[in-house]
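Heads up, the thing below is written out as structure tokens.
The values are calculated or read from the model by the stated rules, or taken from the named source; none is laboratory data. These figures come from a predicted structure and were not determined experimentally. When we count neighbours, we look across all protein chains shown, and the Cβ atoms used for this are built from the backbone with ideal geometry, even at glycine.
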């Protein structure tokens with residue numbers, strides 16, 4: 001069984017490497033278009049599309065079927081484009097002339113870079129989410145990332161290859177990653193976290209109007225190290241063109257009850273993410289099992 005699994009994983013990785021190589025040799029716009037086309041063709045046929053439809057129905061119970069189908073198709077288009085753009089991340093420098101990426105709120109990145117203290121950026125799986133840390137790196141802000149290892153270790157290497165241009169270190173979720181996160185925050189470095197996924201042993205916090213089990217780490221760390229917690233949003237404006245917006249740090253509560261403060265701060269985090277998803281629902285990763293089963 002183990003050997004068969006390994007062979008299957010190697011086969012999947014070989015196919016992924018071939019596709020990655022094809023994306024890499026194409027121009028950015030062509031790679032993005034091809035990824036989006038494949039996403040629209042294949043994605044709706046995958047089983048996880050049922051999760052996406054179920055999640056949309058829970059959040060938008062009165063949504064018409066045609067609108068739901070449009071959002072799901074465009075969600076797969078966005079995911080496919082994100083994959084197609086992955087080998088080209090180094091070409092998305094927001095600060096060069098005629099860039100594909102516009103940045104709003106760059107003063108908040110500069111403040112993190114220049115204050116001599118630790119800081120945390122948070123965002124979600126929206127548009128091409130890799131571009132928020134890239135916008136920091138290209139501005140001279142070293143950002144370390146927390147990520148979930150892919151189930152297929154060979155595929156995981158492909159993902160990390162594309163991320164090499166983002167700068168900083170990569171810490172997998174788990175005890176090893178947690179130790180490294182504490183270390184870099186103690187030494188005054190900066191972290192970026194995607195915080196829109198379910199954590200079974202997290203805390204219940206409303207997200208898009210429904211209680212969702214939520215990882216509290218980003219709030220716990222911000223309160224523990226008294227560091228700014230900066231929302232970072234990515235929007236796809238059309239094709240391979242984007243806007244990255246950095247917002248003022250969230251106002252951290254200080255009630256004297258740490259557990260209550262964590263819950264309050266995570267409520268603010270989820271409210272920000274929820275607003276972004278409502279504005280551009282087709283750019284969020286609806287396939288997550290984000291809410292408990294009914």
>> What's the total number of residues in segment 107-142 that are farther than 24 Å from residue 271 by Cα and touching a strand residue (DSSP E or B) at 6+ places or on another chain (Cβ under 7 Å)?
In response: 3
>> Being within 15 Å of the chain's Cα centre (by Cα) and surrounded by fewer than 19 Cβ atoms within 10 Å (Cβ to Cβ) is the filter here; which residues of segment 213-236 pass it?
In response: none
> Of the residues 215, 232, which is without any contact (Cβ under 8 Å) to a residue 40 or more places away in the chain, in contact with a strand residue (DSSP E or B) (Cβ under 8 Å, 6 or more places away or on another chain) and closer than 29 Å to residue 35 by Cβ?
Replying inline: 215
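Suppose the filter is in a helix (DSSP H, G or I) and under 22 Å from residue 245 (Cβ atoms); does residue 79 pass it?
When the stated conditions are applied, residue 79 passes them.
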>> If I ask for residues that are buried (at least 16 other Cβ atoms within 10 Å of the Cβ) and either assigned to a loop (DSSP other than H, G, I, E, B) or in contact (Cβ under 8 Å) with a residue 60 or more places away in the chain (or both), which ones from segment 54-72 would you list?
In response: 55, 56, 59, 60, 71, 72
>> Considering only residues that are out of contact with any helix residue (DSSP H, G or I) (no Cβ under 6 Å at 6 or more places or on another chain) and over 27 Å from residue 139 (Cα atoms), which ones fall in segment 243-260?
In response: 254, 256, 257, 258, 259, 260
>> Need the failing condition index for residue 239 against (1) modelled with pLDDT of 95 or more; (2) farther than 16 Å from residue 193 by Cα; (3) surrounded by 19 or more Cβ atoms within 10 Å (Cβ to Cβ), just the number.
In response: (3)
> Any idea which residue in segment 190-212 is surrounded by the most Cβ atoms within 10 Å (Cβ to Cβ), counting only those that are closer than 17 Å to residue 172 by Cβ and touching a strand residue (DSSP E or B) at 6+ places or on another chain (Cβ under 7 Å)?
Replying inline: 191
> Of the residues that make up segment 129-140, is at least one loosely packed, with under 15 Cβ neighbours inside 10 Å and assigned to a loop (DSSP other than H, G, I, E, B)?
Replying inline: yes
> Taking residue 82 and the conditions (1) over 18 Å from the mean Cα position of the chain (by Cα); (2) under 24 Å from residue 208 (Cβ atoms), which numbered condition does it fall short on, given that it satisfies the others?
Replying inline: (1)
> Which residue out of 163, 149, 96 is at pLDDT below 95, assigned to a loop (DSSP other than H, G, I, E, B) and within 30 Å of residue 15 (Cα to Cα)?
Replying inline: 149
> In this structure, does residue 290 turn out to be at pLDDT below 95 and crowded, with 20+ Cβ neighbours inside 10 Å?
Replying inline: yes
